[in-house]
Amino acid sequence: MRTRKAMFILFMVGCLAAFSAVAAQAAWITCTVDQVGPSGTNVDTSGCRIFLTAVDPADAWVGSKEFKISPNRGKEFLAAALTALASGKQVRVNVNLATAMPTLGAIYVQK
């Protein structure tokens, strides 16, 4: 009986560790830029937003999804996103989907 409890606890701890590590990791995904720009006038809640569609929905999500751009790097991210939008090129982004408002960690315009 005691061995079963110990095995069950080890199994549950292993599952929790595996699933929490997967959820917290950021992912690199190829996307198209649908919309991008600044939003809001309130200093606390305003910032830049970008709407992306994953090229391969099996990798991430289906349809257009909104992401928050860090205010520290907003101008650089906006420049890359606007370049991709204007030229019709795809972007490779590092996204964190584990938060209430998904965030962008990096964006690269592809050839």
* Structure fact -> Here the residues within the stretch 77-111 that are hydroxyl-bearing (Ser, Thr, Tyr) and in contact (Cβ under 8 Å) with a residue 12 or more places away in the chain are Thr83, Ser87, Thr103, Tyr108
* **Filter result (more than 11 Å from the chain's Cα centre (by Cα) and either in contact (Cβ under 8 Å) with a residue 60 or more places away in the chain or closer than 13 Å to Gln35 by Cα (or both)) within the stretch 52-65** => Thr53, Gly63, Ser64
* May I ask you to list the residues in the stretch 66-95 that are within 16 Å of Ser39 (Cβ to Cβ) and under 11 Å from the mean Cα position of the chain (by Cα)? => Glu66, Phe67, Lys68, Ile69
* Asked: Name the residues in the stretch 68-85 that are modelled with pLDDT of 90 or more and not aliphatic (A, V, I, L, M), would you?
  -> Glu76, Phe77, Thr83
* Structure fact -> Within the stretch 36-63, residues being in a strand (DSSP E or B) and open to solvent by less than 70 Å² (accessible area, probe 1.4 Å) number 11
* Filter result (open to solvent by 60 Å² or more (accessible area, probe 1.4 Å) and either among the hydroxyl-bearing types (Ser, Thr, Tyr) or in a helix (DSSP H, G or I) (or both)) within the stretch 68-98 -> Pro71, Asn72, Arg73, Lys75, Glu76, Leu82, Thr83, Leu85, Ala86, Ser87
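The values are calculated or read from the model by the stated rules, or taken from the named source; none is laboratory data. Keep in mind that this is a model prediction, so the values were computed, not measured. Virtual Cβ from ideal backbone geometry, glycine too; neighbours counted across all protein chains shown. Side chains are part of the model used for accessible areas, which takes the heavy atoms of the whole protein and leaves out ligands, DNA and RNA. Shrake-Rupley method; radii C 1.70, N 1.55, O 1.52, S 1.80 Å.
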